[in-house]
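One structure below.
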Amino acid sequence: MNLNLESKVILVSGGAKGIGGAISRGLIEEGACPVIIDPSEKEGKDLVDFAGGNALHLPIRLFSADQAKEVLSQAIERFGRIDGLVNNAGANDGVGLENGSPEAFAQSLSNNLFHYYHLAHYSLPYLKKSKGSIVNISSKTAVTGQGGTSGYVAAKGAQLALTREWAVELLPYQIRVNAILPAEVYTPMYDSWIQSFSNPQKKLEEINQKIPLGRRMTTPEEIAAMAIFLLSEKASHITGQHLYVDGGYTHLDRSL
Ligand code: NAP
């Protein structure tokens, strides 16, 4: 299948490591040019090298609207067009009702949600020209809850609502908007969470046993495959969808 992504310019927030890193790498393999917005210096540089220079790394930790404006200005200066946006950057930061505060909650929304809007807002004039596509990376926690993480889960739920809202608003421009809900994906973020348990290996085994398909984690590359498909013209009649790439974790019968 030819995805026809050659030379397409795709913004990927948090695009140097974990799920975002796999998306950037997959895009490069398809001949696309990712704009990798991520503070991780070494991983960002490695991806630009892997792309033979046909990628841009912007070492920015997104939180303000001005930063998103700057991202767009640098991306346009370098490539002159935007064909897609993957909103992916975020962290499960454990700001709960009991273990949080109003200030920490607001900060968590800033780290996890506001930059999704900022990047979409400032990309829009360019996405209109290219009839581009937006992919929002949310989380199954938006529909199952997790406990102790109000800020992150509020952001993840809002990302699902915005996916539908933007899909409707952008119909006249043929811009498609979809969300992916990962559940358990072994990434640097996941690893640091697992390491917080007294017996990380045992905890990992317990979680694996609860994943119906294959009793294993989803790989970052399996999330990336869905994101890259959704960005491509092969997904030309898919919009406003919430796609679970989770080995059946969220929906299948737990007694299986
Ligand atoms: P990860 O391993 O921590 O990788 C995320 C990358 O994004 C890191 O390089 C991180 O840099 C960067 N980043 C974080 N906040 C940023 C910001 N504000 N601006 C720019 N870059 C930022 O995380 P991941 O597991 O791949 O998660 C990616 C997305 O998938 C997140 O939206 C997460 O909620 C979602 N997700 C993941 C899982 C899972 O099981 N892994 C499950 C459900 C949903 P630093 O390392 O320097 O912070």
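Classified by the C-alpha gyration tensor, region 1-124 has a prolate form. Its axis ratio a/c, with a ≥ b ≥ c, is 1.5 or above, and a/b is larger than b/c.
Calculate, in nm to one decimal, what Thr219 and Lys42 gain on full extension: separation in residues at 0.36 nm each, minus their alpha carbon distance.
My answer for the length gained is 61.6 nm.
Computed over protein heavy atoms with a 1.4 Å probe, the carbon and sulfur contribution to the accessible area of the chain reaches 53%.
Restricting everything to alpha-carbon atoms, can you work out Rg to Rh for region 198-255 with a Kirkwood hydrodynamic radius?
Numbers: Rg = 14.7 Å, Rh = 13.3 Å.
Ratio value, two decimals: 1.10.
For the pairs Lys42/Lys131; Lys42/Lys202; Lys69/Lys129; Lys17/Lys234, note any where the Cα-Cα span goes beyond 29 Å. With Cα atoms farther than 29 Å apart: Lys42/Lys131; Lys42/Lys202. The 3J(HN,Hα) values that the Karplus relation (6.51, -1.76, 1.60; θ = phi - 60°) gives for region 2-19 are, in residue order, 8, 7, 6, 9, 4, 6, 6, 9, 10, 7, 10, 6, x, x, 9, 10, x, 4 Hz. Gly and Pro appear as x. Across the chain, the fraction of Cα-Cα pairs farther apart than 34 Å, rounded to a whole number, is 13%.
Let me know the charge dipole size of the chain about its Cα centre in debye, to the nearest 20, where only the beta-carbon of Lys, Arg (+1) and Asp, Glu (-1) is charged. All intermediate terms of the calculation are to be shown ahead of the outcome.
Values: 23 positive and 26 negative charges, 82 e Å.
It comes to approximately 400 debye.
Based on C-alpha pairs under 8 angstrom that are at least 6 apart in sequence, the chain has a relative contact order of 20 percent. By the helix-only formula, in which each DSSP H run with n ≥ 4 contributes -39500 (n - 2.57) and the sum is divided by residues, the chain has a 222 nm mean residue ellipticity of -13500 deg cm²/dmol.
Out of Ser110, Ser101, Ser196, any idea which swings most in a Gaussian network model of the chain, alpha carbons joined below 10 Å? Checking each option, the largest mean-square fluctuation is seen for Ser196. Spacing of the modelled spin labels on Arg254 and Asn99, each 7 Å from Cα toward Cβ, amounts to 2.1 nm.
The values are calculated or read from the model by the stated rules, or taken from the named source; none is laboratory data. Just so it is clear, the structure is predicted and the values come from calculations on it, not from any experiment. Cβ atoms come from the backbone with ideal geometry, glycine included; neighbour counts cover every protein chain shown. Areas reflect the complete protein model, heavy atoms only, side chains present, ligands, DNA and RNA absent. Shrake-Rupley method; radii C 1.70, N 1.55, O 1.52, S 1.80 Å.
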